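The values are calculated or read from the model by the stated rules, or taken from the named source; none is laboratory data. Since the model is a prediction, treat every value here as computed from it, not as a measurement. Note that we place each Cβ from the backbone using ideal geometry, even for glycine, and neighbour counts take in every protein chain shown.
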């Protein structure tokens, strides 16, 4: 399941929980396509809660839509992932290592507001 969080035109902000379906993946890709059509650089905020898995029937269509994004990786700016599960934070760190030119940060659930502020480009409170 996913829910859109309003965060500005150049920020795609989502809450994802439970089982991720093909319809969820399609909606996320539609939102991404829309943002990329209007902005040269986009930022991503994802808050995950208790991810149970991904519906396998939706993966082929998602992969087909996601592949062209490899040619547009320079259009991604800040990516913040707030996760209550350690494996999601570790996976995000691995992805960050593979894509070092995209600015990734992982956060614990208690840091949610800090993460959202960071992805929106707010100056650090430190």
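Of note:
- Hey, residue 49 at pLDDT 90 or above, in a strand (DSSP E or B) and more than 20 Å from residue 3 (Cβ to Cβ) or not: no
- Residues being out of contact with any helix residue (DSSP H, G or I) (no Cβ under 6 Å at 6 or more places or on another chain), surrounded by 15 or more Cβ atoms within 10 Å (Cβ to Cβ) and more than 15 Å from residue 16 (Cα to Cα) - total across segment 92-110: 4
- Enumeration of residues in segment 79-126 that are touching a residue at least 24 places away in the same chain (Cβ under 8 Å) and part of a helix (DSSP H, G or I): 88, 109, 111, 112, 115, 116, 118, 119, 120
- Some residue of segment 55-76 being touching a strand residue (DSSP E or B) at 6+ places or on another chain (Cβ under 7 Å), in contact (Cβ under 8 Å) with a residue 12 or more places away in the chain and farther than 19 Å from residue 25 by Cβ: yes
- Selection count, segment 77-88, where residues are out of contact with any helix residue (DSSP H, G or I) (no Cβ under 7 Å at 6 or more places or on another chain) and buried (at least 17 other Cβ atoms within 10 Å of the Cβ): 3
- Residue 12 surrounded by 15 or more Cβ atoms within 10 Å (Cβ to Cβ), under 14 Å from residue 117 (Cα atoms), in contact with a strand residue (DSSP E or B) (Cβ under 7 Å, 6 or more places away or on another chain) and free of Cβ contacts under 8 Å to residues at least 40 places away in the same chain: yes
- Taken together, the residues in segment 25-67 that are surrounded by 14 or more Cβ atoms within 10 Å (Cβ to Cβ), within 23 Å of residue 118 (Cα to Cα) and in contact with a helix residue (DSSP H, G or I) (Cβ under 9 Å, 6 or more places away or on another chain) amount to 13.
- Every condition in (1) part of a helix (DSSP H, G or I); (2) closer than 24 Å to residue 122 by Cβ holds for residue 24 except the one numbered (2).
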